[in-house]
Amino acid sequence: MFDPALQQFLVWGLVVLAPITALALVFVVAPYGRHQKSKSRASLPARWGWMLMESPSLWMFAWVFFQGQHANRLVPLLLMAVWGVHYVHRTLIWPFRMPKSPRRIPWSIVAGAFGFQLWNSYMNAAQIAHLGRYPDCWLYTPPFMAGLLLFGLGMAINLWADSRLFALRKPGETGYKIPRGGLYEYVVSPNYLGEILEWIGWAVMTWSGAGFAFALYTMANLVPRALEHRRWYLEQFPDFPRGRKAVFPGIL
Ligand code: NDP
């Protein structure tokens with residue numbers, strides 16, 4: 001079942017899908033959050049939508065991982081813990097940290113993200129517990145140490161940036177304000193910057209096609225959205241600082 005040929009297909013499939021997704025997102029903005037133009041009837045409360053669409057990153061990952069012949073080895077277990085720290089937060093904690101709101105998320109977005117998570121979680125768990133070779137000494141290699149550092153830095157930025165956004169709304173408010181301070185002085189979406197750094201860190205730490213394909217796809221998904229956020233802020237707020245980039249300070 002955990003066939004190297006299938007893994008190749010999943011990895012290269014995601015690499016091919018990444019530029020297609022980026023291009024599509026330049027023309028069609030994913031309709032959730034501020035970019036949801038009309039109320040879709042086929043939708044569910046945002047909190048439950050996030051929990052559902054992110055959930056394969058927990059159960060699919062665990063199901064594949066624990067069948068792996070390397071599942072009881074130190075490095076695969078540590079890598080699973082790193083994955084778990086991000087996804088336990090994203091799936092079970094983050095949806096309850098976001099301010100209570102009547103906002104809904106379309107089923108189409110939930111279905112797309114759910115499918116992506118099935119694919120991506122299978123592929124990354126297969127890499128770590130079935131197909132990859134991670135002896136204990138992998139812990140002392142530059143890729144593992146540098147990747148872990150980058151992942152930690154990215155997660156810290158992502159958590160900080162999302163918390164800053166959540167704090168902008170008083171209870172009951174649903175509108176948008178200009179976020180200020182720290183990385184927000186340089187980019188519109190430091191939460192996306194953090195997320196991208198995390199998955200580049202993961203790619204380096206696992207030194208795998210699966211990790212690099214995921215990092216590439218994350219960029220393909222988040223960079224166009226950050227550009228759209230920036231365009232939206234400039235349209236909505238005449239006093240929005242024009243020098244603020246979308247996601248990479250001083251670059252884009
Ligand atoms: P956004 O930055 O669009 O929004 C994050 C939260 O902050 C939402 O609850 C949003 O409310 C609120 N918010 C945003 N801007 C403002 C503002 N100016 N004033 C007040 N409130 C604001 O992020 P996403 O919803 O797209 O993503 C959420 C998290 O999920 C991020 O951490 C992101 O990195 C991660 N993510 C990861 C992906 C990946 O490919 N790995 C893909 C997508 C997201 P509202 O919902 O009402 O707009």
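The values are calculated or read from the model by the stated rules, or taken from the named source; none is laboratory data. If you're wondering where the values come from, they're calculated on a predicted model, not measured in any experiment. Note that we place each Cβ from the backbone using ideal geometry, even for glycine, and neighbour counts take in every protein chain shown. SASA here: full protein model, heavy atoms, side chains in, ligands and nucleic acids out. Shrake-Rupley method; radii C 1.70, N 1.55, O 1.52, S 1.80 Å.
General remarks:
- Label-point separation, residue 63 to residue 168 (7 Å along Cα→Cβ), nm: 3.8
- Filtered trypsin sites (Lys or Arg not before Pro), segment 102-147: DSSP coil and at most 10 other beta carbons within 10 Å: 133
- Gyration tensor (alpha-carbon) shape descriptor, segment 47-176, a/c threshold 1.5: oblate
- The alpha carbons of segment 94-252 give a radius of gyration and a Dmax of 17.8, 56 Å, in that order.
- Highest mobility in the GNM of the chain, judged by mean-square fluctuation with C-alpha springs under 10 Å and restricted to 35, 86, 229, is found for 35.
- Annotation: amide H of residue 43 within the under-5 Å range of 107, sequence separation 5 or more or interchain, hydrogens built in the peptide plane.
- Rg/Rg_ref, segment 184-238, where Rg_ref = 2.2 N^0.38 Å and atoms are Cα: 1.33
- Solvent-accessible area of segment 106-230 (1.4 angstrom probe, protein heavy atoms only): carbon and sulfur portion equals 71 percent.
- Cα-based reach from residue 100 at 21 Å (exclusive), listing lysines while leaving out same-chain residues under 8 positions away: 37, 39, 170, 177
- Segment 23-77 versus segment 208-252: alpha-carbon centroid distance in Å: 19
- For the chain, the longest principal axis of the alpha carbon atoms and the long axis of helix 56-65 meet at an angle near 10°.
- Virtual spin-label span in nm between residue 139 and residue 248, 7 Å along Cα→Cβ: 3.4
- Inter-label distance for residue 28 and residue 101, nm, one decimal - labels placed 7 Å from Cα along Cα-to-Cβ: 2.3
- Our coupling estimate for segment 221-235, obtained by passing each phi through the Karplus curve with A = 6.51, B = -1.76, C = 1.60 and θ = phi - 60°, is 7, 8, 5, x, 5, 5, 4, 5, 4, 4, 4, 5, 4, 5, 6 Hz, Gly and Pro reported as x.
- Applied to segment 4-13, the Karplus parametrisation 6.51 cos²θ - 1.76 cosθ + 1.60 on θ = phi - 60° returns per-residue 3J(HN,Hα) values of x, 5, 5, 4, 4, 4, 5, 5, 5, x Hz, with x for Gly and Pro.
- Within a Gaussian network of the chain (alpha carbon springs, distance under 10 Å), most fluctuating of 167, 113, 126: 167
- Positive-pole candidate from 171, 45, 252, dipole of the chain, charges at beta carbon: 171
- Residue-normalised accessible area of segment 73-159, given per residue in Å² at a 1.4 Å probe: 45
- Alpha-carbon centroid distance for the pair segment 117-141 / segment 91-108, whole angstrom: 30
- Maximal additional length on extending the residue 240-residue 5 stretch stands at 79.6 nm, based on 0.36 nm per residue less the C-alpha distance.
- Under the combined filter of DSSP loop state and at most 13 neighbouring Cβ atoms within 10 Å, segment 204-252 retains these trypsin sites (Lys or Arg not before Pro): 242.
- Kirkwood hydrodynamic radius of segment 103-192, Cα pairs, Å: 16.8
- Angle between the chain longest axis and helix 142-166 axis [Cα atoms, degrees, rounded to 10]: 30
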